[in-house]
Amino acid sequence: MIFIEFVRGVPLISLLLFSNLLLLLFFPLGASIPGELTRAMIVITGFSAAYIAEIVRGGLQSVPRGQIEAAQASGLSPGAVQRLVVLPQALRAVIPAMVGQFIALFKDTSLLAIIGLAEFLRVSDLANAQPDFTGRGLAAVTYVFVAIGYWAFAYTMSKESRRLEARLGVGVR
């Protein structure tokens, strides 16, 4: 609970900067320090886990109490109630929020450029810095390509989300 509230209250960029600059101060001298890519992956994983935990918690709370009581009355064990009744309804209800979080996470990966890691947006800068492309004015083209890439990913995710929702009957009683 404390972890979730802390992580959700702090911007991702500050967590990335902390992992890249300040975290090194907490390791003893001579200790094996994880690389910056590993530290960034840990931060992004923890950041995503906090948000996804809140999304799933909201989905679990959305299951009507009567559903749980009916499952218990039919003789299901507590584990079976969760596995067969609560989780399918809860996860079905949170599909839109979960897909929105994944799209936001993909777009947030551009923040990795601030700590010096190459990601989708930074690769366009690296391509423009190649000697064969210097001075040709291709920066606008690569940025348009990157924008189309971000849009294509987000559009595909949202389209698949709507297809999955329709198949599962989300919003239909």
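Some values worked out for this structure:
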quantity	calculated
Vicinal HN-Hα couplings computed from phi for region 61-76 (Karplus, 6.51 cos²θ - 1.76 cosθ + 1.60; Hz; Gly/Pro x)	6, 7, 6, x, 4, x, 5, 5, 5, 5, 5, 5, 5, 7, x, 6
Two-decimal log10 I(q)/I(0) for region 1-98, as the Debye equation yields it once each C-alpha is a single scatterer, q = 0.12, 0.15, 0.18 Å⁻¹	-0.58, -0.72, -0.86
Principal axes of region 48-144: Cα extent on each, largest first, Å	74, 23, 16
Carbon/sulfur fraction of accessible area - region 1-141, other protein chains in place, 1.4 Å, %	68 percent
Crossing angle, helix 95-108 versus the chain [Cα axis fit, 0-90 degrees, rounded to tens]	10 degrees
Heavy-atom accessible area per residue - the chain, 1.4 Å, Å²	64 Å²
Extension gain (nm, one decimal) between residue 41 and residue 21, 0.36 nm per residue minus Cα-Cα	5.7 nm
log10 of Debye I(q)/I(0), alpha-carbon scatterers only, for the chain at 0.12 Å⁻¹	-0.78
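The values are calculated or read from the model by the stated rules, or taken from the named source; none is laboratory data. Fair warning: this is a prediction, and the values are worked out from it, not measured in the lab. Just the protein is used for accessible areas: all its heavy atoms, side chains included, with ligands, DNA and RNA removed. Shrake-Rupley method; radii C 1.70, N 1.55, O 1.52, S 1.80 Å.
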